[in-house]
Amino acid sequence: MSKRSILLSAILLIPISIIYLNATGISYSNLLPSVQNLDGELVVKVNTLNTTNDFYLYYRIPGIEHFQVRKMEIDEKGQVYYRLSTQNLFGKDIEYYILQGGESKTNAISPIFTINNFTEDDSPAIYFQDVSPPSGSGTAKPKNPFLKMSASTSLAARLHDNSDFPGEKFIASGNMRLYRNITDAEDNSEFDFDSTFTLMNDVTTAESKVNLSSMKIRFRKGNHRVEVGDISISNTEFTTSYLSRRGMSYEMTGKTLYLGTFFTNSQQKTGFDGFGFPAGDANIFGASAGFNIGDIYSPIFKLRGLFLAGQDNQDSKTLYSAEDKFREGSMVSLSAEANVLKNHLNLKGEFAKSNFGKSADKNLLDKKKDEAWLAEAGLNIGVFTARADYKKVGTDFHSIANLFLQNDREGLNSTMGLSIKTFYLSLTYQDQKTNLSNTVLPMLRTKNLNANLTWSLGNHFRIGAEFGSNNLDYDKSTGLQAGSSDMDTLRYAGTFGYIAGNNSINLRIGKSESKTFTSQADASLGISLRVGEFLTFNPTLSYQANENLTDNSTSKIYNLYMNSELSFIPQTFTLTLSGSYSKTDNSITDDSTAIQADANLNFYMAKIFKNKLQPVLSLRGRYSESKFGSSTTDSTSLYLQFDLSF
């Protein structure tokens, strides 16, 4: 039997052979929570009318170790729900689960779900806030220690690796964090020191063996906040959207007045470079001011004005450019936001003007002025939500603090959602124009309409449907070479899901077809199984059939992905198996196959140290094989890894 057959058999047969073990221990709920993302809040609902038990929402966000606990409410129809405000939540992702408690003192919990990109806001007030004891519990509020500390390290050594690009012989990484957060009336302050480093054996000329990946110091006192190091600045889309650089920033967020300023490197630095004051020819400075009317975190009206200026010589270890090496520019922006009709209507707007130039020679910079603007409205009335924005970005509009801003475009983006109990419908429509003033390429206009429907039937079943219509038009009235033809594509799919506790089956079948170019049919099946604390098994299969209408060529793609974990001793000794198999049959070119199999043997030692230390020892192995036509390559690797956190 070949190495490939042995590894694939181990991956697929070990979990199946013990799939019928009886589950013990925790009782899992088969309820299906649903989440509606409204403006400023997440509404978590449980599809049940059982009012004899209490339901609790457990959630946590990045930076919080423990889950926050909130008792869920019951509306006049007996529906269990909880409205979670997102105004004061940090980060973009949130984990949550539902706990159901009954009079018999038994508990049933749902699986842990994740909501991605639920907010873009930063709230320092609860960034490190831990779960508090329920009111009325009689437990005294714990005294906050002067300083908290957490740290982690990971060491990996290469035992064997015959691949074309083997990993490091030895690599070490670590993180250390010292923080303090007090939110009471006497001392409303926060301190955080967070540092991550990497130690590598083989390095390039651009790096050192000991590399500081990131370091940041944050201090907040009341409404004042200072950050130094690797900071992230996000004001508006046209100015500093997701600017991550080394520098310093200050913010004062008062009930009425807002002030902010930052001074950073124009390029992302690596190693120990870039700390302190940025170089005079490669920096970005910005200052903003504004005022609020209403609550400090949920104002009725908010107005912001921002000015930024900077220059960049692109002399960086992380970026190289053969042309336009020098860039310089400035910008002013005015933005406003209003929440009216008891937050049912949200209005936003921004106008920005830039003066920007770039050149291969610093003395030949030719700056050009241009404008960008947007108008946005959001509506939230009970079960109905809607949002629409229209924006225009000029051809010569640039921001030195936003390298990924797409200019020379204009268009509409809109979305609508309808949520009635277990029924949810969403519609999106986009109408975009690009190359508005391009003298080489014709103007492109894309119109996309997409609809998604999900409907939960009972506590276990969920069905859905998808539809999309995409249209691409080339404006040939300019006489420019189009380079292609107009395109109309239809896409439709159906989904079916069954969920019972931690076990689920999800099926999707769809088709996408263009009138002129391609036709594609696809299907996928995902299964998630959990047997007590001993086994998890999650295979996913997919199939895709493609037809090129221009030359009648065809291709078929088969994919299998699987991951599972077998616990010999729960939370102590486990075997993690994962693997992927991909095969492509093509009517014109040679067929191809790719296989990858991974196995990790893990020894968790946290119980030995009563969870005060959490060491993990892992032996990681991988086998890879790829075949294209008659050519075959394979490789194996083995690594020993040690992780420690406290």
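The values are calculated or read from the model by the stated rules, or taken from the named source; none is laboratory data. A quick note: this is a predicted structure, and the numbers were derived from the prediction, not measured. Note: ideal-geometry Cβ built from the backbone for every residue, glycine included; neighbour counts use all protein chains shown. We work out accessible area using only protein heavy atoms, side chains counted, and drop any ligands, DNA or RNA first. Shrake-Rupley method; radii C 1.70, N 1.55, O 1.52, S 1.80 Å.
Some points to look at:
- Members of region 371-403 that are free of Cβ contacts under 8 Å to residues at least 12 places away in the same chain and open to solvent by 70 Å² or more (accessible area, probe 1.4 Å): LEU403
- Within region 167-189, being at pLDDT 85 or above and more than 28 Å from MET215 (Cα to Cα) holds for no residue.
- Test result for ASP230, modelled with pLDDT of 85 or more and over 25 Å from ARG620 (Cα atoms): yes
- Unique match (being in contact with a strand residue (DSSP E or B) (Cβ under 8 Å, 6 or more places away or on another chain), hydrophobic (A, V, I, L, M, F, W, C), more than 18 Å from SER232 (Cα to Cα) and open to solvent by 50 Å² or more (accessible area, probe 1.4 Å)) among PHE291, PHE263, PHE277: PHE291
- In region 589-630, of all residues being basic (Lys, Arg) and in contact (Cβ under 8 Å) with a residue 12 or more places away in the chain, the one that is surrounded by the fewest Cβ atoms within 10 Å (Cβ to Cβ) corresponds to LYS612.
- The number of residues in region 155-178 that are in a strand (DSSP E or B), charged (D, E, K, R) and open to solvent by 40 Å² or more (accessible area, probe 1.4 Å) comes to 1.
- Residue satisfying all of: in region 204-223; modelled with pLDDT of 85 or more and open to solvent by 90 Å² or more (accessible area, probe 1.4 Å); farthest from ALA172 (Cα to Cα) among these: LYS221
- Exactly one residue out of ASN448, ASN413, ASN435 is open to solvent by less than 40 Å² (accessible area, probe 1.4 Å) and at pLDDT below 90: that is ASN435.
- Candidates SER555, SER512, SER524, filtered to the one that is modelled with pLDDT of 90 or more, buried (at least 17 other Cβ atoms within 10 Å of the Cβ), more than 30 Å from ILE608 (Cβ to Cβ) and more than 28 Å from the chain's Cα centre (by Cα): SER555
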